[in-house]
Each structure stands twice: as C-alpha cells, then as structure tokens.
C-alpha cells in the first residue's frame, strides 16, 4: 500500500471538527423538536375528519416518506431558490429534516394513539376522572411508551442524515471534514475521524435515551 | 485448486516484480491508454458540452498529452475531493484539474510546474456596484467549498473583522454560480477565467466582474503520484512544449476567445 | 466557442434514462445481496449464543451508526489507497449492500425470534428433525411476519441509493445535477426526479401497509 497516514494535521484541526460536530448535534436536536411539534399537529389533522386539514397532512406524510432526503434538501435549497426564497444551508437542511421527521413521526403518533382502545377512556371516566386526568394518567403514559423507541430511532436517523449538509455547503461535521480534507488532501484521515465522531455521537444519544427510558418507564419498555 | 491458487500467486508476484522496475511512464505507454482525471465542474477548464461530453481547456490538455505519448485518452470526471484518492488508487495516471500548488498539498501529491495562473475575482449583479474588495463588507458572499479562493476570502474577512455570518459555501463551482444566479448570495468569488466565460452567456448578462482578490495569484499544476519523479519530469517537459509548440495558445484561444496574454505565458515560463 | 448554458432538450432523454436505469440497478443489487446476507446473519444471530451475537452486533452497529455518505467516501478512498481501485458502481454496490444487510439482519432476526419456542417444540414432538423445523416452521412463519418491515427497508434503500452519487456513480440524482449545471433550471429537473421516486415508492409503501393491516387482524 502506498499510503502513509499523517495524523497530526487532523489533531491540529480538532477544534474545527468538534465545532462541526456541535453544529450536527444542534441541527438534529432542533429538527427533532420541531418535527415532533408538527407531527402532533399533523396526526391530529389526519385523525380529524375535516377534509382540507386531513388532505394537507396526507400529502405531507406521503411526500416526506416516499422521496429521498437528498432530494428534499436540494429542493429546499435550489428548488425554493428558483422562486426567490433563499434559505441558508443551515435552514435548508433543517427544514428538510423537519419535513421528513414530521412525515414519519405523524404515522408513529397516529399508530401509538390508535393502539390504545377507546374503552380505556370510558373506563377512566366511569371511575370519576376528568378528560384531562384520563389523558394525563391513562392514555398519554401508555402512548409515550409505545412511541418512545421509534422516536429515538428517528432522532438517530436525523443525526446521520444531517451529514447531507455536505452537499449544500453546510458547515456541520461532514461539511467541515470535506473542507479540511480538500485543503490538505488528507481524505482518509479526516473521514476516519469524522466516522468515529458520528459513531460516538449516536452511541451517546442511544445511551442517554435508554437512561431516560429507565427513569420514565421504571425499567419496563 | 491449490495449484491454481499457487499459479495465481506466482503470476501476481511476477507482475509486481515487473511493474517495480516499470514506472508510471512505461505503464501508460505499455497499457496504451492514459487515464486522465479532470474536474468537469469548472468551465472553461472542464465541463460538459451540450451533448453531455467532456470539454474544456484541461480536457484538451489530456488529449494533447495522449497524442505525444501515442496512447488513447480516457477522460475521467472527478469531483474536487476525488482528485487525490483517484491518483493514489491508480484510477488516474494524472489529474489535470486546476489544482492549486500549495505546500500543504505537496506533502501528499507530486506537482508539476504551473500550467495556468488564475486570478480570483468577484462577480455580482450589476446593481451591487462593487468597486473594491471593501465593498463586500455587508454583502452576502459565496464560494465553492474547500477552494483556495474560499480560504483567501475568509482570511481577508477575518482580518477585516467582518465575521463569517454573511458567507455561504457551495459544494461546487456550478452550485456557486447557480446560487448567484438565483440570488441566494449577492456576490461570489471565483476565478477570472470562469467568470469571463459565464459573463458571455445570456443568463449572466446582468452580472459584472468586480475587483480581484488583493495580492493573490492562484498558480495551478498538474498532479501525479508523489513518488513518480520520472513521470513528473515527462509532464514538466510536456508543459514546456505546450507553450513552445503553440498548443497552449490554441487551447486558450479556443476556450477564451482571445490569444493567451503575454504576462500569463511569461509567468508560466518563469515557473512562478 | 461552445455556449455554456443550453436548455433541456430531447437529446438529454438518453442521459436521464441512463440515470434512472443506474438507480434501479444499484438498488436491486443492494436489496438482493443485502437480503441474502441479512437472512444469513439474522438467522445466525437468532440461533447463536451471546458471544457470537456481541461480535456480529458490534460490526452491524458501526454500519448503522455512521452516515452512509461517510461510509461511501471512506470505503472508496480506502480500497483505492490499498491499491485496488473500484469502479463507482462496484464500490457503491458493496457499501450499499452491507448497509442494507445491517438493517435486514435485524428485521429477520426479530422475525425468527417471533416464532414461539412452544411451536418449535410441538414440531419436534411431531417427529420433525431440527432442520425440518427450521425449514417448515421457523422460516415460513418468521419470514411472513417480517414482510412489511422488509419492504420498508427496501424502499429506504432505493431512496438512499441517491447518495452513491457522491463517489461518482451516475445515478438519477447526479445525472440531474449535471443537467441542472448546464441548464440552470433546477426546479423543473428536481420536480421530475421527485416524481420518479414517488411513483416507485408510493404504491409499494401502500401495499406494505395493506399487508401489515391484514396481518394484524
């Protein structure tokens, strides 16, 4: 093999890489948060029988689930640009991720809600609970337990997909890696380190999520 | 089975021992094909014409090189990031891809003498009235990710204390021009040659070329594997002949519409 | 001198069709190879003891925790640096197949584990051998249960195949990018690309959900 590894240049640029990793985490957390909020609204719209809302929600969900993430990001960046709507790379990636997260989570939430039999609600009412109490103590806790795992997966997925920011010049972990490697031509070294960083980030997220689950659900999930 | 394997191993060993004495130059001639990497995302040096075929100054250089070597030419389309891996892996014998000859990069690959010199320039919509580099202060500026002009602009912006909030990176040169065309950014930094080519098209008729990046010439070389010195020697002589035999001027004229400027030729002769 | 920008024309349809064909080919390769490998690994994981599982699990874990785009760049650069340059199609197929395998093996493992032990004991007590039990009971029942998830993974592979463009494979998205550069008409071209993926993915994902609902009843 003809390749000599030069690691010191990677260590010299560590602060920039860590900064990129921070942006990655940042955009994924924000995309998850906004995605959850919108997904709740869309799930309500889909279960509600008012036609226009249900229609919008269905189109959103189907487009988000049936087209590639890369396409969504290009669309948000250059597609909207053709209309004179100019998003920065960060906002373009963020909105594409929010769009997709919302699309997938809508179905998760709807499934989670529908999995709880309506009789439980009437049972709680007959025990003298108010509607709010019934939701707070009976319905929502069960629902949360069912959607917790899919939500964690969706979050990990957003972290990994935010790497597509490389294709619109965003300075997250992949974009920063790409810039640094083209300045020094040390492709392998920089991308190996980036891969390790992604791995560590995902593992940390999964670890935190299982700790949280243990507290929330007292071990039973 | 074992005998077959053993034959294979011997064959491989024999081949490697032959190729250990044959250098890249021999390999190319014996193979009869030159694998020439070009970045086809950087008009007029490399791009796809209306038939979706590779064209441009760098592609012409590949063909000229193939001709003097007496071999067929296989032009490979590379991204900026592909250039080094393609060389190291042997996918390309040489990359004629407007590669800035920085000392940092020369730790990884071998450079020839310069074969072209770019100036970095600003292009913007004519309303923006950019006369000097200072006028970029409050404008949204873009450039292609990982290019030397990006580095130069950012260094300048940092030095002036402008911050990086107004700066946008693009994945490629084409994306940067598309962003400018759409109005995502007010101005982009690119090479004078690329800008001059774009300005001749109908799409960019409302745009104007602005000031040059102060005190900077982008000197680019052909790259090959770092340890292939004999091959790099040959490529150096090839570059000298390109100027002497008039091929350089011919390619320049074809892609820029005018003769190569005397100062460009002189600086290439001086190997600056 | 050639003009730089030319509008989209009928002569580009050949290029677009090549892009579509390349997308289909690499997706099919990845799904087929990924399914076969995933079936084997999933079965081994469901069958084997803890040590083997940990070993398999950690390799698959890496494939699932590093972005596909990074895996593609790393793999194609790495094999190149080792002196075995691979064509973009080959390198892309290998990475995409292994990536698919990582997800498929989980799907199949859960399928095999869903077949209750008592059913297997019942089969054995009817005089079936171990392999007969696997072949007649665990495989058919386990596989049927996971069909919707299998379809889900396959659809995401078709969509993820767009990423192979980063190592230079001329699939649909990279083809369209080249056309966008030449025509400066991103919107029309991108919408066309979106419609293509949608037409493939939408009916299949509906079918998957239909099967899932039918099985739930």
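I'd like the distance between the alpha-carbon centres of the range B:204-219 and the range B:83-127, rounded to an integer number of Å.
19 Å
Starting from the eigenvalues of the Cα gyration tensor, five times each then square-rooted, give me the equivalent ellipsoid semi-axes of the protein assembly as shown, largest first, whole Å. Present the calculation step by step, with values, prior to reporting the outcome.
On the way: eigenvalues 493, 215, 98 Å².
Taking √(5λ) for each eigenvalue gives 50, 33, 22 Å, largest first.
Taking springs between alpha-carbon atoms closer than 10 angstrom, which of A:40, A:201, A:132 fluctuates most in the Gaussian network model of chain A?
In the Gaussian network model the winner is A:132.
Quick one: helix B:229-244 against the long Cα principal axis of chain B, what's the angle to the nearest 10°, folded into 0 to 90?
Roughly 50 degrees between the two axes.
Can you divide the C-alpha Rg of chain A by 2.2 N^0.38 Å and report the result to two decimal places? Before the final figure, lay out the partial values.
Values: Rg = 21.3 Å, N = 221, 2.2 N^0.38 = 17.1 Å.
Compactness ratio reported: 1.24.
Could you work out how far helix A:187-217 tilts from the main Cα principal axis of chain A, as a 0 to 90 degree angle to the nearest 10?
Taking Cα atoms only, the helix is inclined about 20 degrees.
Per residue of B:51-57, what is the mean number of Cβ atoms on other protein chains within 10 angstrom of that residue's Cβ? Write out the running numbers ahead of the final one.
Details: counts 5, 9, 0, 0, 1, 1, 0.
Taking the mean over all residues of the peptide, I get 2.
Can you compute the FRET efficiency between residue B:216 and residue B:26 using 1/(1 + (r/R0)^6), with r the Cβ-Cβ distance and R0 = 41 Å? Round to the nearest 0.05. Walk me through the numbers on the way to the answer.
Values: r = 39 Å, r/R0 = 0.95.
Computed FRET efficiency for residue B:216 and residue B:26 comes out at 0.60.
Please report Rg over Rh for the range C:12-216, where both radii come from the alpha carbon positions and Rh follows the Kirkwood definition.
Values: Rg = 20.1 Å, Rh = 18.9 Å.
Expressed as Rg/Rh, it is 1.06.
For peptide B:176-186, compute the average count of partner chain beta-carbon atoms within 10 Å of each residue's beta-carbon.
Working: counts 1, 4, 9, 7, 0, 5, 12, 4, 11, 1, 0.
Whole-number average of other-chain Cβ neighbours for B:176-186 is 5.
Determine the shielding of peptide A:82-91 by partner chains: average, over its residues, the number of Cβ atoms on other chains within 10 angstrom of each Cβ. Display every interim value, and only then the final one.
On the way: counts 9, 2, 3, 3, 7, 1, 4, 7, 1, 0.
Mean shielding by partner chains, rounded to a whole number: 4.
Angle check, please: helix B:57-69 long axis (alpha carbons) against the longest principal axis of chain B (alpha carbons), in degrees 0 to 90, nearest 10.
The angle comes out near 20 degrees.
Evaluate E = 1/(1 + (r/R0)^6) for residue B:102 and residue C:59, where r is the Cβ-Cβ distance and R0 equals 45 Å; express this FRET efficiency to the nearest 0.05.
Working: r = 38 Å, r/R0 = 0.85.
After rounding to 0.05, the efficiency reads 0.70.
Give the separation of the Cα centroids, the range A:101-119 to the range A:13-68, in Å.
The two parts, judged by their Cα centres, are 15 Å apart.
Throughout, read-outs are computed from the coordinates displayed, never taken from laboratory work. Since the structure is predicted, the reported quantities are computational estimates derived from the model, not experimental observations. Cβ: placed from backbone, ideal geometry, glycine included. Neighbour counts: every protein chain shown.
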